[in-house]
Amino acid sequence: MPADATDLLASLEYMLARGRDPVTTFYRKLFAMDPTIAALFAGVDMDVQRRMFLEAFRHIIMNLGERSSVEPMLKRLGARHARYGARPEHYGPVGECLLETLREAAGDRWTVQLGLEWRTAIEHIAELMIGGADEDARVKSGAI
Ligand code: HEM
């Protein structure tokens, strides 16, 4: 993971400033891709959800270099996700969908290098979230 994520943050701010609402696109793509994932969001207020996702995602990207604060936050987020019904095998498709949305939102500014940086960051986020869910489950089962 890069010590700071200046390129990623700059590209995220650029996408948001382009005003194409990448978060709405992301959930639309995700729900079309996998109805079982869409079902986990039944009853969720998607206006609130989109805001929460964007706020959390921006915070994570801004603080990727701050491992001591962002890692525990991602582990807690992952533990909560297990309660929402998210399983480790969901993270691959969700990550690909996110990456595809980011690529489209970046338009001409997308480069191979930027794609690799985003992929690495998304994989790192998923790894920590899955790890957090796993630790939480082991604590609750009394294994730790
Ligand atoms: C890039 C990784 C992800 C990030 C940054 C993320 C972020 C968030 C955030 C910030 C929330 C709001 C609730 C909270 O803070 O606990 C949320 C809710 C939710 N996420 Fe994720 N998420 C990610 C991956 C996933 C995956 C892989 C799934 C599984 C399909 C998933 C399913 C859900 C569901 C179902 C909710 C709604 C919970 C409810 O209100 O009932 N997310 N996500």
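Once region 14-56 is narrowed to residues that are among the acidic types (Asp, Glu) and surrounded by 13 or more Cβ atoms within 10 Å (Cβ to Cβ), the residue that is modelled with the highest pLDDT is 34.
Considering (1) modelled with pLDDT of 95 or more; (2) part of a helix (DSSP H, G or I), the lone condition that residue 86 does not fulfil carries the number (2). Just wondering, is there one or more residues in region 30-41 that are in contact with a helix residue (DSSP H, G or I) (Cβ under 8 Å, 6 or more places away or on another chain) and either basic (Lys, Arg) or within 20 Å of residue 114 (Cα to Cα) (or both)? For region 30-41, residues in contact with a helix residue (DSSP H, G or I) (Cβ under 8 Å, 6 or more places away or on another chain) and either basic (Lys, Arg) or within 20 Å of residue 114 (Cα to Cα) (or both): absent. Mind listing just one residue for me: the one in region 92-128 that is of a type outside the set (A, V, I, L, M), over 17 Å from residue 64 (Cβ atoms) and near the ligand (Cβ under 10 Å from one of its atoms) and, of those, surrounded by the most Cβ atoms within 10 Å (Cβ to Cβ)? Among residues in region 92-128 that are of a type outside the set (A, V, I, L, M), over 17 Å from residue 64 (Cβ atoms) and near the ligand (Cβ under 10 Å from one of its atoms), the one surrounded by the most Cβ atoms within 10 Å (Cβ to Cβ) is 97.
Here is a yes/no grid of residues against (1) within 15 Å of the ligand (Cβ to nearest atom); (2) farther than 25 Å from residue 114 by Cβ:
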site	(1), (2)
7	no, no
14	no, no
26	yes, no
44	yes, yes
64	yes, no
73	yes, no
77	yes, no
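Residue count for region 40-83, restricted to those that are in contact (Cβ under 8 Å) with a residue 12 or more places away in the chain, small (Gly, Ala, Ser) and outside any helix (DSSP H, G or I): 1.
The values are calculated or read from the model by the stated rules, or taken from the named source; none is laboratory data. Quick caveat: nothing in here was measured; it's all calculated off a predicted structure. FYI the Cβ positions are ideal-geometry reconstructions off the backbone, even for glycines, and counts take in every protein chain you see.
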